Amino acid sequence: MGISRLANAKSRSRSRLWPVLILALAAGLAALWFSSFGQRLRGDAAAGAAYGARVACSCRFVAGRSLEDCKKDKLAGMDLIGLSVDDETKSVTASVPLIVSETASLREGYGCVLQSWREREP
């Protein structure tokens, strides 16, 4: 009878171990996938946000259209990019939630320029 209980206890502990091993394997694969895919996702999001901010800023402050009208100019696949306008500073911020945001401002003589580019100037 003692050997039977010992065998059952080992069997139960092994059956509890499988979900933990599967979860650890899934977490490892997810981390590996996100590390390679995540860089591409962040790069694409940054490019899309920069493009959206610059184009929307030009649309709003150079062409004089409303932000709602400018939103119609978004390219296919840019649905996740949100736009917000600051009329006081003549800037538009485009963002992909939880990933990246870019701001473009109207600069006299240059049109709309991304703020990240303006910071690089001497």
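Coordinate-derived values only; no laboratory data. What you see is a predicted model, and the numbers here were worked out from it, not measured in a lab. Using ideal geometry, Cβ is built from the backbone for each residue, glycine included, and neighbour counts are taken over all protein chains shown.
Taking the Cβ of each residue in VAL100, VAL92 as the centre, tally the other Cβ atoms inside 10 Å and list the residues starting with the fewest. Could you put the intermediate results ahead of the total?
On the way: VAL100 19, VAL92 28.
The fewest-first ordering by Cβ neighbours comes to VAL100, VAL92.
Return the sequence-ordered ³J(HN,Hα) values of region 69-75 in whole Hz as given by the Karplus equation 6.51 cos²θ - 1.76 cosθ + 1.60 applied to θ = phi - 60°, using x for Gly and Pro.
Rounded to whole hertz, the list is 5, 5, 4, 5, 7, 4, 6.
Using a basic spin-label model with each label point 7 Å from the Cα along Cα→Cβ, how many nm lie between SER66 and SER84?
2.0 nm
List the chymotrypsin sites (Phe, Trp or Tyr not before Pro) in region 40-122 that DSSP assigns to loop (not H, G, I, E or B) and whose Cβ has at most 12 other Cβ atoms within 10 Å. Which are they?
On the way: sites: TYR51, PHE61, TYR110, TRP117; in loops: TYR110.
Those that pass, being in a loop and sparsely packed, are TYR110.
Calculate one ³J(HN,Hα) per residue across region 16-25 by plugging θ = phi - 60° into the Karplus curve 6.51 cos²θ - 1.76 cosθ + 1.60, and present them in order as whole Hz with x for glycine and proline.
These are the phi-based 3J(HN,Hα) values: 7, 6, 4, x, 5, 5, 5, 5, 5, 5 Hz.
First check a/c for region 49-120, with a ≥ b ≥ c the square roots of the eigenvalues of its C-alpha gyration tensor; if it is under 1.5, answer rounded, and if not, answer prolate when a/b is larger than b/c or oblate otherwise.
Working: a/c = 1.84, a/b = 1.17, b/c = 1.57.
Oblate.
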